[in-house]
Every structure is written in C-alpha cells, then in structure tokens.
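The values are calculated or read from the model by the stated rules, or taken from the named source; none is laboratory data. Quick caveat: nothing in here was measured; it's all calculated off a predicted structure. Neighbour counts are summed over all protein chains in view; Cβ atoms, including those assigned to glycine, are modelled from backbone coordinates with ideal geometry. We work out accessible area using only protein heavy atoms, side chains counted, and drop any ligands, DNA or RNA first. Shrake-Rupley method; radii C 1.70, N 1.55, O 1.52, S 1.80 Å.
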Amino acid sequence: MSDRQLSSGAPPAGGEGHGAGSGGDVADNHEDAVDQVMDEAVSEANDAVEDDEESVELVSSDEPIEFDEETFLQLKRNDPKLTELQIRIDTDSFAIDIDWDEEEDCLQRNTHLKKLDVWIMESSFEEEPHEVRARELLTSKVCRAIGQNRTIRNLCVAGDIDGHSFIDVEALQPFLESNDKLRRISLSECKLDRTQTRQIISSLKNRRNKGTLRCIDLGSNKFEDEYEDEFEEAFTEELMSVLAAGEYSNLTELEVMDRLGLGGFVQLSKFMTQPQCKLKKLWFKASV
C-alpha cells in the first residue's frame with residue numbers, strides 16, 4: 001500500500017537581495033500568490049487521488065482544528081481551506097450555541113470538508129438532567145447534519161455520556177449508505193443498543209458503493225444489554241458475515257470488538273481467504 005501525503009508548506013524564503021519599499025511589496029504579493037497557488041494545487045491533488053484503488057491518507061494537522069465561530073463561518077461559506085474539523089459535544093463547547101435546526105445545511109452543502117471528528121466529552125462535574133438532555137439533542141442534530149453530507153471521507157464519532165450512547169445512528173444512515181467518497185468510518189468508544197447495532201449492519205449491507213471503504217473501526221464499544229458477551233459475539237459475527245459477502249474487498253484496516261465466537265471466526269476466515277481481500281491491519285479491541 002502506498003501512502004500519499006500532500007502538504008502546502010510555505011515556499012522557500014527569498015534571498016537577502018530584496019530591497020525595501022515597492023520591491024518588498026512586490027515580493028510579499030508574490031509570496032501570497034505562491035501560497036494561494038500551492039493551497040489550490042494541494043486541494044486539487046487530493047481530489048485527484050480520491051478514487052485511487054489504494055488507501056488515501058488525508059493530511060492531518062498536528063493540532064485538531066476546533067469548531068468555533070471562525071470555523072463555523074468557514075463551513076457556511078464552503079471555504080476550501082477548511083478540510084478537517086473537530087466538534088466537541090460539551091456543555092461549554094461552541095457547538096451547543098448553534099441553532100442546528102437552522103444551520104444543519106452548513107455540513108450538507110459543504111464540499112471541501114474531508115475529515116470530521118465528533119467527540120462526546122465526559123463532563124468534569126455532575127450535570128443536571130436538563131444539561132444531559134441538551135447534549136443528547138445536540139448530538140442527534142449534529143448526526144442529522146452529517147447524514148446529509150456526501151463528501152466527507154473520514155468520519156469519527158466517539159464517546160458516550162454517563163454510560164449512555166447519544167449517537168443517532170439512524171440519522172447517520174443516509175451518510176453511511178450513500179456517501180461514495182467515504183474511506184474511513186469510526187464509531188468507537190460508544191455504548192450501543194440492539195437497535196443501533198442493527199442500523200449499523202443494515203447500513204453496511206445497503207451501502208451503495210462498498211468498494212470505496214478502506215477502514216472500519218467499531219472497536220472499544222460497550223453494549224446496553226444484560227447478555228453483553230453473547231450480544232457482542234453475535235454483532236461481530238453478523239459484521240463479519242457482511243464483509244465475507246465479498247463486496248468489501250478493498251478494505252485494508254478493520255477494528256472490531258475482542259469477542260469473536262466460532263461463527264464470527266468462520267466468517268472472518270472466509271473474508272480473509274478471498275483472493276481479492278486486501279486487508280492488512282486487523283485489531284480486536286476490548287470495550288473501555
């Protein structure tokens with residue numbers, strides 16, 4: 001697998017012979033123009049390799065780009081420079097001040113955002129019931145906004161609140177089933193119930209273009225069920241059965257729960273022994 005990484009670093013500084021005054025202004029204008037051309041070239045190059053048969057590693061910043069007023073405005077105007085974003089679901093996060101009923105189309109219309117992380121944060125203090133409910137509604141609205149997007153390639157939604165999953169899998173289903181550009185999907189460190197696991201399996205079964213996915217991460221999850229061990233084994237077996245059907249042959253990375261019963265092992269073996277299987281990394285990760 002060949003990793004492709006594109007970056008738009010600043011051009012080399014000019015020599016010491018640049019004079020002051022108008023000459024310096026010309027040099028500054030020239031450097032600004034070069035920066036703009038480089039940014040546009042990187043964006044175009046990333047778009048050009050998106051259909052490569054091998055995995056495409058998206059450029060990631062050293063520090064996550066937080067969702068704030070500035071990045072929100074960038075989202076709304078579909079700024080090509082905003083290609084990755086992290087939204088925190090917290091009582092003091094900027095996201096909670098957004099009227100998502102009015103603004104959810106900022107994600108639907110955006111065509112430049114490639115990587116999105118949604119982190120449901122644990123509160124540092126005991127929340128009142130209305131605060132927990134507010135975060136639950138916020139998470140659902142963000143998931144609904146994501147559900148209408150068709151250009152994000154790397155999506156991670158993680159976390160739970162007080163042991164309860166607020167991830168709205170139903171709202172994400174249109175995204176999971178119809179986003180042909182999706183390369184990596186991670187729903188991890190969540191607490192899932194039977195309905196949500198059925199929705200995940202259904203989305204993978206009904207996905208329009210299964211061949212575009214390169215990474216599926218469903219590890220480190222917990223399950224809201226009194227028969228958690230058996231439920232986990234059944235979910236993993238059904239997931240492996242979907243993969244073994246043969247249409248996810250371009251998958252190169254897979255992370256699942258660490259309970260793999262006999263049925264799941266049989267389906268995993270069937271998937272991995274297919275001649276077209278490209279799987280290179282496999283993790284079994286326990287619940288957190």
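At-a-glance table
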read-out: Directionally averaged projected area (convex hull, Cα atoms, the stretch 74-114), nm²; value: 3.0
read-out: Probe 1.4 Å, accessible area per residue of the stretch 81-143, Å²; value: 50
read-out: Extended-chain gain in nm, criterion 0.36 nm per residue less alpha-carbon gap, ASN209 and ASP105; value: 35.1 nm
read-out: Residue-span extension gain [ARG133 to ALA245] - 0.36 nm each, minus C-alpha spacing; value: 36.3 nm
read-out: Förster radius 45 Å - calculated FRET efficiency between GLU70 and LYS278, Cβ distance, rounded to 0.05; value: 0.70
read-out: Efficiency of FRET between SER269 and ASP193 - r from beta-carbon atoms, R0 30 angstrom, step 0.05; value: 0.55
read-out: Exceeding the 24 Å Cα-Cα cut-off - candidates LYS141/LYS281; LYS210/LYS270; LYS76/LYS210; LYS115/LYS270; LYS115/LYS280; value: LYS141/LYS281; LYS76/LYS210; LYS115/LYS270
